[in-house]
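The values are calculated or read from the model by the stated rules, or taken from the named source; none is laboratory data. Predicted model only: the values in this text are computed from it and were never measured. Heads up, the Cβs are rebuilt from the backbone with ideal geometry, glycines too, and the neighbour counts pull from every protein chain shown. Just the protein is used for accessible areas: all its heavy atoms, side chains included, with ligands, DNA and RNA removed. Shrake-Rupley method; radii C 1.70, N 1.55, O 1.52, S 1.80 Å.
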Amino acid sequence: MINEQLAEFSNLALVVAIVLFVLALIGFGADLAGTSQRRSDERLAAKDRAEKGRADARELQAASVGADGAGAVGSDVSGADVPETDVTEISASDAAAVDVVAADAIPGDGTGSASGGMSAQRFAYLLAGAATALLTLGVVCRALATQRVPWANMYEFATTSAAVVMIAFLAFSLQRRELRGLGTFVVGPVLILLLLAQTVWIVPAAALTPSLQNSHWLYIHISVAIMATALSILGAVVASLQLLQAKHESGLAQKIAAGEEHPEHWGRFGHVMDRLPSSSVLESLSFRIHSIAFVTWTFTLIFGAIWARDAWGRFWGWDPKEVWTFIIWIIYAAYLHARATGGFRGSRAAGLALAGFVAVVFNYTIVNTVINGLHSYSGL
Amino acid sequence: MDEKSTSTDTAPGAEKNPSAGERASRTEGAAGSWSSKPEVDGRGPTKAPSLGLRGTLLFLWRQLTSMQTALILLMLLAIAAVPGSLYPQRSVNPGLTDTFLEENGRWGEILDALGFFEVFSSPWFSAIYLLLFVSLIGCIVPRVGVHLRQLRARPPRTPSRLTRFTGHTRVELPGAERDELIESARRILHRSRYRTEVREERGGAVSVSAERGLLRETGNLLFHIALVAVLICIAGGNLTNYRGQITVIEGDGFSNSLTQYDSFSSGAWFDETDMPDFRFTLADFRATYVQPGESGKVGEPRSFEADIQVTAPGEEQESRTLQVNKPLHVKGASMFLLGNGYAPEITVRDSEGTVVAEGPLITVPMGDTGYTSQVVLKAPDARPEQLAVVGFFMPTGTIDDQGPRSLYPDALDPQLALTVYQGDLGLDSGIPSNAYEVDVSTLTQVGGEDGSPVLIRLYPGQEYTLADGTTVSFDGLRRYAAFDIAHNPFEIWTLISALTAVAGLVLSLFIPRRRVWVRVRPGADGAVLEVAGLARSDDPALEGDVRSLATTLSQAQDGGRAGTAAIPEDRPSRATDDSPEGSAQ
Ligand code: HEM
């Protein structure tokens, strides 16, 4: 039986979460805009300081190796495992010193730039965290209200995916603070997804149709598909930024080559781009996300085939949904190949990753609603 | 460019070169040289063809097996699959294809001629994936050879200058013992699963050359080989499988032989004698639907259950309940519950009083939520003329200005709405006809009691007599279930190949492949330690690992001499630019 009150509460939680996401988006946006106020000569100065700071940090490190060496008389070599220790961790105070220098020098970290109190970024990050918690609560309540997993129609699939994207983003950027600068570009798409879910795809809480019952593959296949979708969204965000950043970098490089002392490119948006990691950092991040996404899509495909075999008696039948999942998989395979092929690395490969994402979106929207197939579970 | 991702592998031949490392850095950025692939050895795909037929063929072969071709073929395959989802495919839903053809006239014919309704068996689609797999095999075979040799080879020599490599660290260690230092370096690396090789060098130096992550390439090869296996298994399955549809009314039985199927298809190598001899009776079929007042769309199905008594060869009879997603497996066959409907029991007597049709009749649901179902009954034995009864069965019926239709799928108020025709049914013409269709345009309608045209409305237990004395009665109601019976002997092997592919893929994507070198030279009063690494795949952790190895080694060496310094000499690399967190991972 459906618990209607809980279902209503779930809806309410989602609506409030959307409001919080809007605020978080404003916060992230304000943070980026704030940075773009600074003029480019300030940036140059900051870069200078950064260079100096890094040199200092290096001396600190160097010294600390010696110092620690001194402290570790007769320590057992075999006790130390190679990949685990790290130079910057050698002494707490030294490490802290490095951190401080880095914090105000590195453009990716907003926490150092706040003039007292909470920075816009930190504020936005916390808001996004609260919104994600509420969103997750809403999804969980939906599950409790229907006494099943909340993945049975487009609305539920979208809200769960949004929660996974946000959780993944928050988790990634908990450690790597420089990624928090990407907040705008993650919260934005998530908000679009949630708004679409809340306005177009929303359906009342209901029990499962027979084709979704009696099968643990519902849990396995769909949860993996949700993860794959979430990773594709994140990957597409990073790949788009990588493309923009590459354009921006080459624009700046041209100006520098032309002898400009304070090169400006793309005005205020250019300053925003300056805040973000370089295109090669974004490229390797995009690759890591996409390679996990590819593995997840592979599992989606295999588990889907196993389920199709139980439900329809054949593991593959070129149903439109199957076709599009196949297309997604092939495009991402092409992306991974492109990274290893001359003339396709970098921007062209990123283009393929985005093509893969377009296929993901198509598979989710058009195939579910317009094209007639066996996977007619949109609930619309 | 990212130094980590562009540090190209050297060709296997070059590994014997004393300055392999330097060569590696020189090829850095050389457009397109992608690791350990044979092309890099100078048989690049862009090389001009040598003269003659043989040369041309060789050139074409190299083109086909190049990475670029694989990439293009993959994209073509993705694009070619698109129309398969946009146009109704014959193999998926032939009815939709026919409708599309009727509606689109000439355009439809052109598309049909081009194979757009059988995309996945069309020549162009097949050509793409066959080329892709030829390319794949042509690509794997030489790589397996190269890789096997590499697995047996010792780690390559330490490059003479380490300064250009990732995480390069130089530490002066006064009073350090050269051999002891090297031995602990070798031990540490070995314990971290590196393959190591200690070599004496000129000038009293000694170095450890260590390598890790050959499993990456192993995984990559495994992945691609498993893909070929998947394709072979799918082809094998297509040749040997069979699949058929049956409809069974409650109380009736089925035994597995070709004559019992409504439709049946099988692969070219399928052998009828392989079909297992199992039989079952359908004891009961139950369905539940969303009732008014419950959440969800009223009339939407909630559950389907078919109780069967099944006897498999050599086994006791056993009771089973089949559901959607819960098929029955016997050796050599699986049976899936895929559909259901109503079978009203109808008796027809002709004007002479002879029973010309009797018993449950399978009706075909028209696809609405209410399960309005089509009735077609043919009575060729009726006299003086053949009879046909057509109309609708409605589990919860109503007849209003929209005509006869059912409001709810459960049999709450079952009714029949029928019209009776007489004339020549055309069954003797020799053209096979569909049991569920009849052409009434050549027949004449039989009038009601007063002779006027009539739509007979019957409830269970009722009988109706027409003007000429023909009677139709609705005696009772049963349900039927539709099952697919199928078997694909290669299914399990397809699954195993696919899972092997994933295993290979995971190794290939997430195992970093790298080299690490440690060199100790005699110094002024002790030894000079140098450590550096080379990433041969995305490997952000390498820099940290190299540095911590340097730290560990210098710490381990009798720590009494404060003031020793490790001087990182690397050019500022991304990893250090990045953030303190980045390198601390
Ligand atoms: C059936 C179609 C194919 C699929 C689905 C496929 C898929 C993949 C995937 C997902 C990867 C990524 C794994 C990794 O980066 O290590 C990969 C890598 C690779 N593939 Fe394929 N592949 C196919 C055909 C081919 C063909 C025809 C060739 C030969 C030209 C080839 C050569 C390679 C190579 C050399 C790599 C390693 C790239 C690297 O160094 O990162 N593949 N393939």
- Under the Karplus relation with 6.51, -1.76 and 1.60 and θ = phi - 60°, whole-Hz ³J(HN,Hα) for region B:307-317, x at Gly and Pro, equal 8, 10, 10, 10, 10, 9, x, x, 10, 5, 5
- Query: Based on the mean of other beta carbon atoms within 10 Å per residue, what is the order of B:54-67, B:176-189, most packed first?
  - Reply: B:176-189, B:54-67
- Karplus couplings for region B:235-244 from phi (6.51 cos²θ - 1.76 cosθ + 1.60, θ = phi - 60°), rounded to Hz, Gly and Pro as x? 4, x, x, 4, 7, 10, 7, 9, 7, x
- Task: Could you size up the charge dipole of chain B around its Cα centre, putting +1 on the beta carbon of Lys and Arg and -1 on that of Asp and Glu, and report it in debye to the nearest 20?
- Result: 5300 debye
- Query: For region B:53-150, which whole percent of the accessible surface, found with a 1.4 angstrom probe, sits on carbon and sulfur atoms?
  - Reply: 69 percent
- Counting only the heavy atoms of the protein chains, how much of A:Val203 is accessible to a 1.4 Å probe, in Å² to the nearest 10? 20 Å²
- Task: Quick one: order B:Asp401, B:Asp252, B:Asp307 from most to least accessible surface, probe 1.4 Å.
- Result: B:Asp401, B:Asp252, B:Asp307
- Note on the structure: Taking the dipole of region B:53-150 about the Cα centre (Lys, Arg +1; Asp, Glu -1; charges at Cβ), the one of B:Thr65, B:Leu131, B:Thr97 that reaches farthest to the positive side is B:Thr65
- Task: For region A:208-369, report the accessible area per residue in Å² (1.4 Å probe, heavy atoms, rounded to an integer).
- Result: 33 Å²
- Message: Counting only other chains, and only Cβ atoms inside 10 Å, what mean value do you get across the residues of B:298-305?
- Response: 3
- Task: Provide the solvent-accessible area of B:Ser265, counting protein heavy atoms only and rolling a 1.4 Å probe, rounded to the nearest 10 Å².
- Result: 70 Å²
- Note on the structure: Computed for region B:310-384: size of charge dipole around the Cα centre, +1 on C-beta of each Lys and Arg, -1 on C-beta of each Asp and Glu, debye to nearest 20, value 240 debye
- Task: May I ask you to give the percent of accessible area on region B:341-481 that is carbon plus sulfur, with a probe radius of 1.4 Å?
- Result: 48 percent
- Accessible solvent surface per residue of chain B, calculated while the other protein chains remain in place, 1.4 angstrom probe, Å²: 46 Å²
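From other protein chains only, count the Cβ atoms within 10 Å of every residue's Cβ in B:73-80, then give the mean.
Mean shielding by partner chains, rounded to a whole number: 6.
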- Task: Provide the solvent-accessible area of B:Ile225, counting protein heavy atoms only and rolling a 1.4 Å probe, rounded to the nearest 10 Å².
- Result: 80 Å²
- Note on the structure: Rounded to the nearest 100 Å², the accessible area hidden between A and B, summed over both chains at a 1.4 Å probe radius, is 7600 Å²
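Need one value for B:530-540: mean number of C-beta atoms belonging to other chains within 10 Å of its residues' C-beta atoms.
The per-residue average across the peptide is 1.
Under 1.5 on a/c is rounded, so check that first for region B:251-404, then, if it is not, pick prolate when a/b is larger than b/c and oblate when it is not; a ≥ b ≥ c are the square roots of the alpha carbon gyration tensor eigenvalues.
oblate
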- Message: Give me the net charge for the shell around B:Asp179: Cβ to Cβ below 11 angstrom, other residues only, Lys and Arg +1, Asp and Glu -1.
- Response: -2
